[in-house]
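Quick notes on the structure that follows.
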Amino acid sequence: MMHQAVLKQEQNDALRLQRYLALAGVASRRACKDIVLAGRVTVNGVTTCTSGIKVQDTDIICLDGERLIIEKKLHYIAMNKPEGYICTQKDPQNRPLAVSLLPPGIKERIYSVGRLDFRSCGLILWTNDGYFTAKISHPSSGIEKEYIVEAVAAIPDALCDEFLKGITIDGELYRCSEIEKIGKKTLRIVLIEGKNREIRRVLSYFHMHSKTLRRIRIGKIRLGSLASGASRPLEPAEIDSLLL
């Protein structure tokens, strides 16, 4: 797999500090540069504001006092998240955690790439690869996310027309890449940027509510026949398809 081969080589070589931070899952390389300039990073106990300095895997790199480590064993997992599970590591309301559905035996800390809200279901990706997360989460990646939405009532044509053109709600612009009515109460929607609760807010704007909201595709990765609550490792070609 192209990405893993490059990453293993990089882990054996000196890395620029901002690259190290990105691989550790802090943020994109551009954002990591700003984090370093803000004086939040130390190398072997010394604060540095130079993002281009070279560091080794043996150096102690800390962000806000917490040590950062690039994982040696990387995981890339697709899950069919059921409705009623939350995509966080902890929940003060003690709701079921989607991370608890991952296969047992994974020792590394795994986190979701983006989220599906509590009432949504379908495809979500999990990893411990910070570079992978930053790369595909950034809007500039242009990665499509496809959803099937079943509403509780008939869907007006105006919703489709306006969502495609762009709707401003409470000062925020929402626009889908594709939208298609595949039934009286059912939509197929493709988003690229994807903002927090975007589909639900557009439905609410038209006084509509969803019965089910299921994500069926991220880029070239499809939910397919994966059972609710089940997961599978991503194929090397699937991982590369999101990064190239």
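Evaluation of R115 against the conditions (1) modelled with pLDDT under 95; (2) surrounded by 12 or more Cβ atoms within 10 Å (Cβ to Cβ); (3) over 23 Å from L191 (Cα atoms) shows that the sole unmet condition is (3). Test P104 against the criterion of being more than 17 Å from S231 (Cβ to Cβ) and either out of contact with any strand residue (DSSP E or B) (no Cβ under 7 Å at 6 or more places or on another chain) or not aliphatic (A, V, I, L, M) (or both), and give yes or no. The answer is no for P104.
L102 fulfils the conditions (1) more than 13 Å from the chain's Cα centre (by Cα); (2) farther than 17 Å from L234 by Cβ except for a single criterion, (2).
Checking the stated criteria, D129 turns out to be out of contact with any His (no Cβ under 6 Å at 6 or more places or on another chain), in contact (Cβ under 8 Å) with a residue 24 or more places away in the chain, among the charged types (D, E, K, R) and crowded, with 19+ Cβ neighbours inside 10 Å. Of all residues in the range 221-238, those satisfying the criterion of being out of contact with any strand residue (DSSP E or B) (no Cβ under 8 Å at 6 or more places or on another chain) and under 21 Å from L74 (Cβ atoms) are E235, P236, A237. Looking for something at pLDDT below 90, part of a loop (DSSP other than H, G, I, E, B) and in contact with a Cys (Cβ under 8 Å, 6 or more places away or on another chain) - is there at least one such residue anywhere in the range 124-146? No - not one qualifying residue is present in the range 124-146.
Does R115 fit the bill of being part of a loop (DSSP other than H, G, I, E, B), under 30 Å from D240 (Cβ atoms) and not hydrophobic (A, V, I, L, M, F, W, C)?
Numbers: part of a loop (DSSP other than H, G, I, E, B): yes; under 30 Å from D240 (Cβ atoms): yes; not hydrophobic (A, V, I, L, M, F, W, C): yes.
Criteria met by R115.
Among the strands (runs of 3 or more DSSP E) confined to the range 11-98, the ones with at least 1 residues that are over 30 Å from L223 (Cβ atoms) are located at 41-43, 61-63, 66-68.
The values are calculated or read from the model by the stated rules, or taken from the named source; none is laboratory data. The model shown is predicted, which means the values in this text are computed figures rather than measured ones. No Cβ is skipped: glycine too gets one built from the backbone with ideal geometry, and neighbour counts run over all protein chains shown.
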